[in-house]
Amino acid sequence: MNNIMNVSYLFLADGFEEIEALATVDVMRRAGMKVYTVAVGSKDKTVKGANGVQVIADKLLCEINAEDAEWLIMPGGMPGATNLAADGTLCDMINKQWIKGGKIASICASPAVVLGPLGVLRGQEATCYPTFKDELVKAGGKYVDNRVVISGNLITANGPSSALVFAFAIVAETLGDDVASSVASGMLV
């Protein structure tokens, strides 16, 4: 944990899981964290979720510099996770973040679909949506059947029902358990 927070980015591609993305951003902002949603694979900030909810992202991928990012966050959803994995610029950002020891959070399909092919999971305990377990293991990850798994600078979660737990884990790892508990209490969790 540090006292100076850098900006964090949560990436949205068409087909993203709405609850995983929006609940995470909401909790982080309630905690006072600076987090932006970023449209990936589009020249437009409007991104359509897996369940048809349209969201206007704060920024386009071409508008950000993730070199000093606190967190890079990938929600799941299909084909959202596949669309994130298909973007070379985003994959380069994730690789650089991981190599420098930066923080990465990923939920649902994204741990296996986005992070797996990049080598981020190699040797890490992680979780994902159960139907992607084999891909996670094939990528060198150690599958753990928990809602949320913290492994060093990597936080993974298993799916939509774990979105709040995932978000609170990000807050706790950044600002401490007391802040995460305070935000959770204010939300009646």
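The values are calculated or read from the model by the stated rules, or taken from the named source; none is laboratory data. Predicted model only: the values in this text are computed from it and were never measured. Reconstructed Cβ throughout: ideal geometry from the backbone, glycine too, with neighbour counts over all protein chains shown. These area figures cover heavy atoms from the full protein model, side chains too; ligands, DNA and RNA do not enter into them. Shrake-Rupley method; radii C 1.70, N 1.55, O 1.52, S 1.80 Å.
Points worth noting:
- Any hit, the stretch 6-29, residues being more than 26 Å from VAL179 (Cα to Cα) and more than 16 Å from the chain's Cα centre (by Cα): no
- Selected residue (only one of LYS142, LYS133 is in contact with a Phe, Trp or Tyr (Cβ under 7 Å, 6 or more places away or on another chain), among the basic types (Lys, Arg) and at pLDDT 95 or above): LYS133
- Flag if LYS48 is modelled with pLDDT under 95 and either open to solvent by 20 Å² or more (accessible area, probe 1.4 Å) or of a type outside the set (S, T, N, Q) (or both): no
- Test: residue in the stretch 40-51 that is over 25 Å from ALA112 (Cα atoms), assigned to a helix (DSSP H, G or I), among the charged types (D, E, K, R) and without any contact (Cβ under 8 Å) to a residue 40 or more places away in the chain: no
- Considered as a group, the residues in the stretch 60-88 that are free of Cβ contacts under 8 Å to residues at least 40 places away in the same chain and farther than 25 Å from ARG147 by Cβ include one that is least open to solvent (accessible area, probe 1.4 Å), and that residue is LEU60.
- Identity of the residue in the stretch 162-189, among the acidic types (Asp, Glu) and over 14 Å from the mean Cα position of the chain (by Cα), that ends up nearest to GLY76 (Cα to Cα): ASP177
- Helices (runs of 4 or more DSSP H) contained entirely in the stretch 95-189, each with at least 1 residues that are open to solvent by 10 Å² or more (accessible area, probe 1.4 Å), among the aliphatic types (A, V, I, L, M) and in contact (Cβ under 8 Å) with a residue 12 or more places away in the chain: 163-175, 177-186
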